[in-house]
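Colleague: This is the structure, below, for whatever I ask next.
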Amino acid sequence: MKTMNRRGFLKNSAVTSAGLMVGAPIVKKSFAKNSPNETVNVAVVGIHNRGKGLYRTLCEIPNVNVATICDVDERLLPEAAADVEERIGKKPKTEFDFRKVLEDKDIDAVVIATPNHWHALATIWACQAGKHVFVEKPCSHNIFEGRQMIKAARKYNRIVQVGFHNRSIGNVRSAMKALHDGVIGDVYMARGLCFKPRGSIGRYPDSKAPKGVHYDIWLGPAPERNFNRNRFHYNWHWHWAYGNGDIGNQGPHQFDIARWGMNKNEHPEKIRSFGGYYAYECAQETANTQTATYEYADGKLLQFEVRGLFTNGESVLPSNAKTNKQWDTKIGNIFLGTKGWMAIDGGNWKTYLGKNNEPGPSNKTAVKELDAMNLAGGGDMEHFVNFTNAVRSGKKQDLTCDIQQGHLSTALPHMANISYRLGRELRFDGKKEKFLGDSQANQMLTRKYRKPYIVPKNV
């Protein structure tokens, strides 16, 4: 999505899904009046990779002030602070300890872009400190944590948005509406695709943490272990103590769309996942090739596939008969229904109907409907606008992706990884959030936490 400056955003902004108009000058006053013009002071926690993109997006939104940036790697802070200052004309505070951020009474909301193993504890602590939260996907490192995050949000009456930004993309929302309206009939299966080739991460010896890296804080809830560059910036994704593999990295976006399109606000009952790590000898623990299948109570299916090596895409029918150009989906979703099927790739979607695969409605034919729904465009910026408007209104119902929805979608890759690691099919009681007759699987619903970084049972 093309970014725009704050003035450009004021000129072009549309009504958000929360129903609030953005576009007036920044005015600092109490949230008591729930004005759309209130300044929301935000702290961004974790700025190395995804966090950098998030704070830059926040800098473009009127009435949002990036007041603090925080990272355990102090080496990143000077450049990031200068970057923010250049964008908004004011230098943010810098911190390496998240707890210091929570002590700042001027901070209204925190954006959490840390490694996965910190998502839940940071969210719970923030709620307890009276802060609203935007937490990146996956919202948790395990299923227990997701439930505790919901409890904290509700107990402290905090707005908690999960970074499933597809929920705020107009074309994706129009696709979901079309599915729910029956464009392809009764949807009986959804497929999620994560075809993302990645190379070897190699092997490196343990070492001392670099100067400026507060490694004990970085470890947080994870077990004590020596520093290793291969378990630090970004490559933490491929180690079970901190990440969830690509099925829990890129995968959650497509899991969310799959579950949303199937209109499933519940957990599946049966889970089976298998795969492996192929081609390279390196330190990676998670799979680079993985397939998962889920069955819901009504027998409908959700399938997911990770291909981390060289692969073709899922080619759909020619989009242009004259050139025979094919749409090659590698990161996306396919829905199968009783009248036809739909393919979604990013914000684009198409349907094909009947035995002859006749072209049906698509995002190109849904333009008028999009305009009527105020859904044109969308992405990170609109997701943040939705979040900050909900912070002002104080209504979780205004969110496009409240923590409850985020938890249901995040639980899916967690279930797959448990099945994959145990090598067997699992049955799940969605109401109790427990596996049936499998104590080993139930132990993997949570983890042993390292003091004092404990995700509490009583939030």
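Colleague: Here is a check on your reading of the model: is VAL64 buried (at least 24 other Cβ atoms within 10 Å of the Cβ) and closer than 30 Å to TRP238 by Cα? Steps first, please.
Modeller: Values: buried (at least 24 other Cβ atoms within 10 Å of the Cβ): yes; closer than 30 Å to TRP238 by Cα: no.
No, not satisfied.
Colleague: Sort through ALA279, ALA292, ALA258 and tell me the only one that's among the aliphatic types (A, V, I, L, M) and assigned to a loop (DSSP other than H, G, I, E, B). Spell out the reasoning first.
Modeller: On the way: ALA292 fails: assigned to a loop (DSSP other than H, G, I, E, B); ALA258 fails: assigned to a loop (DSSP other than H, G, I, E, B).
One residue alone meets the criteria, ALA279.
Colleague: Can you give me the number of residues within segment 115-135 that are in contact with a strand residue (DSSP E or B) (Cβ under 6 Å, 6 or more places away or on another chain) and not in a helix (DSSP H, G or I)?
Modeller: Step one: filter segment 115-135 for residues in contact with a strand residue (DSSP E or B) (Cβ under 6 Å, 6 or more places away or on another chain), giving 119, 122-123, 126, 131-135.
When the remaining residues are screened for being not in a helix (DSSP H, G or I), the result is 131-135.
Of the residues in segment 115-135, 5 are in contact with a strand residue (DSSP E or B) (Cβ under 6 Å, 6 or more places away or on another chain) and not in a helix (DSSP H, G or I).
Colleague: Output the residue which, of all residues in segment 67-86 that are surrounded by 21 or more Cβ atoms within 10 Å (Cβ to Cβ) and more than 24 Å from HIS165 (Cα to Cα), is farthest from the chain's Cα centre (by Cα).
Modeller: The qualifying residue farthest from the chain's Cα centre (by Cα) is LEU76.
Colleague: While we're here: What do you reckon, is GLY199 in contact (Cβ under 8 Å) with a residue 24 or more places away in the chain and exposed (fewer than 13 other Cβ atoms within 10 Å of the Cβ)? Full working, then the answer.
Modeller: Working: in contact (Cβ under 8 Å) with a residue 24 or more places away in the chain: yes; exposed (fewer than 13 other Cβ atoms within 10 Å of the Cβ): yes.
The answer is yes for GLY199.
Colleague: Just need a number here: residues in segment 390-440 that are aliphatic (A, V, I, L, M) and either in contact with a Pro (Cβ under 7 Å, 6 or more places away or on another chain) or closer than 30 Å to VAL40 by Cβ (or both). Don't jump to the end; show me each part of the working.
Modeller: In the first step, residues of segment 390-440 are kept if they are aliphatic (A, V, I, L, M); the result is 390-391, 399, 403, 408, 411-412, 415-416, 418, 422, 426, 436.
After this cut, where a residue has to be either in contact with a Pro (Cβ under 7 Å, 6 or more places away or on another chain) or closer than 30 Å to VAL40 by Cβ (or both) as well, the list is 390-391, 399, 403, 408, 411.
Total satisfying the criteria: 6.
Colleague: Across segment 196-235, what is the total count of residues that are closer than 18 Å to ALA287 by Cβ, of a type in the set (Lys, Arg) and not in a loop (DSSP other than H, G, I, E, B)?
Modeller: Total meeting the criteria: 1.
Colleague: Here is a follow-up. Looking at THR286, THR323, can you tell me which residue is in a loop (DSSP other than H, G, I, E, B), modelled with pLDDT under 95 and more than 21 Å from ALA190 (Cα to Cα)? Can you show your working first?
Modeller: Details: THR286 fails: modelled with pLDDT under 95.
Checking each option against the conditions leaves just THR323.
Colleague: Here's something else I'd like to know. Looking only at segment 137-157, decide whether some residue is in a loop (DSSP other than H, G, I, E, B), under 17 Å from GLN397 (Cα atoms) and either modelled with pLDDT under 95 or not assigned by TED's automatic domain parsing to the domain that holds ASN417 (or both). Explain how you work it out, then say what you get.
Modeller: The initial filter retains those residues of segment 137-157 that are in a loop (DSSP other than H, G, I, E, B), namely 137-142, 156-157.
Filter once more, so that each one left must be under 17 Å from GLN397 (Cα atoms): 156-157.
So of that shortlist, the ones also either modelled with pLDDT under 95 or not assigned by TED's automatic domain parsing to the domain that holds ASN417 (or both) come out as 156-157.
Within segment 137-157, one or more residues are in a loop (DSSP other than H, G, I, E, B), under 17 Å from GLN397 (Cα atoms) and either modelled with pLDDT under 95 or not assigned by TED's automatic domain parsing to the domain that holds ASN417 (or both).
Colleague: Within segment 36-99, which strands (runs of 3 or more DSSP E) (wholly inside it) include 2 or more residues that are over 20 Å from GLY220 (Cβ atoms)?
Modeller: Numbers: elements: 40-45, 64-70, 93-95.
Answer list for segment 36-99: 40-45, 64-70.
Colleague: Something else now. Only one of these is over 28 Å from ALA441 (Cβ atoms), within 19 Å of the chain's Cα centre (by Cα) and not aliphatic (A, V, I, L, M): PHE134, PHE164, PHE144. Name it.
Modeller: On the way: PHE164 fails: over 28 Å from ALA441 (Cβ atoms); PHE144 fails: over 28 Å from ALA441 (Cβ atoms).
Going through PHE134, PHE164, PHE144 in turn, the sole match is PHE134.
Colleague: Of the residues LEU193, LEU121, only one is modelled with pLDDT of 95 or more and under 30 Å from ASN312 (Cβ atoms); which?
Modeller: Details: LEU121 fails: under 30 Å from ASN312 (Cβ atoms).
Going through LEU193, LEU121 in turn, just one is modelled with pLDDT of 95 or more and under 30 Å from ASN312 (Cβ atoms): LEU193.
Colleague: Give me the residue from segment 238-254 that is within 10 Å of the chain's Cα centre (by Cα) and not polar (S, T, N, Q) and, out of that set, surrounded by the most Cβ atoms within 10 Å (Cβ to Cβ).
Modeller: Among those that are within 10 Å of the chain's Cα centre (by Cα) and not polar (S, T, N, Q), it is GLY251.
Colleague: Of all residues in segment 337-351, count the ones that are buried (at least 18 other Cβ atoms within 10 Å of the Cβ) and in a strand (DSSP E or B). So that I can check it myself, show each step before the final result.
Modeller: Of all residues in segment 337-351, those buried (at least 18 other Cβ atoms within 10 Å of the Cβ) come to 337, 340-345, 347, 349-351.
Filter again for in a strand (DSSP E or B), leaving 337, 340-345, 349-351.
So the answer is 10.
Colleague: Before we move on, is PHE384 modelled with pLDDT of 95 or more and in a helix (DSSP H, G or I)? Break it down into steps so the answer makes sense when it comes.
Modeller: Numbers: modelled with pLDDT of 95 or more: yes; in a helix (DSSP H, G or I): yes.
Yes; evaluated as a whole, the condition is true for this residue.
Colleague: Hey, any hits in segment 297-305 for a residue that's among the acidic types (Asp, Glu), part of a loop (DSSP other than H, G, I, E, B) and modelled with pLDDT of 95 or more? If you could, list the steps in order and put the result at the bottom.
Modeller: Within segment 297-305, the first condition is being among the acidic types (Asp, Glu), and the residues that meet it are 298, 305.
Adding the requirement that they be part of a loop (DSSP other than H, G, I, E, B) leaves 298.
Narrowing further to those that are modelled with pLDDT of 95 or more: 298.
Looking for residues that are among the acidic types (Asp, Glu), part of a loop (DSSP other than H, G, I, E, B) and modelled with pLDDT of 95 or more, one finds at least one in segment 297-305, hence yes.
Colleague: Further question: What are the pairs with Cβ atoms under 9 angstrom where one residue, in segment 62-88, is closer than 20 Å to ASP108 by Cα and the other, located anywhere, is crowded, with 22+ Cβ neighbours inside 10 Å and basic (Lys, Arg)? Sequence gap at least six, or different chains.
Modeller: ASN63/ARG392
Colleague: Continuing with the same structure: Among GLY261, GLY185, which is the only one that is touching a Ser or Thr at 6+ places or on another chain (Cβ under 6 Å), surrounded by 14 or more Cβ atoms within 10 Å (Cβ to Cβ) and not hydrophobic (A, V, I, L, M, F, W, C)?
Modeller: On the way: GLY261 fails: touching a Ser or Thr at 6+ places or on another chain (Cβ under 6 Å).
Just one listed residue meets the conditions, GLY185.
Colleague: How many of the residues making up segment 245-255 are in contact with a Ser or Thr (Cβ under 7 Å, 6 or more places away or on another chain) and in a loop (DSSP other than H, G, I, E, B)?
Modeller: 1
The values are calculated or read from the model by the stated rules, or taken from the named source; none is laboratory data. Everything numeric here is computed off the predicted structure, so don't read it as measured data. With ideal geometry, Cβ positions are generated from the backbone for all residues, glycine too; neighbour counts draw on all protein chains shown.
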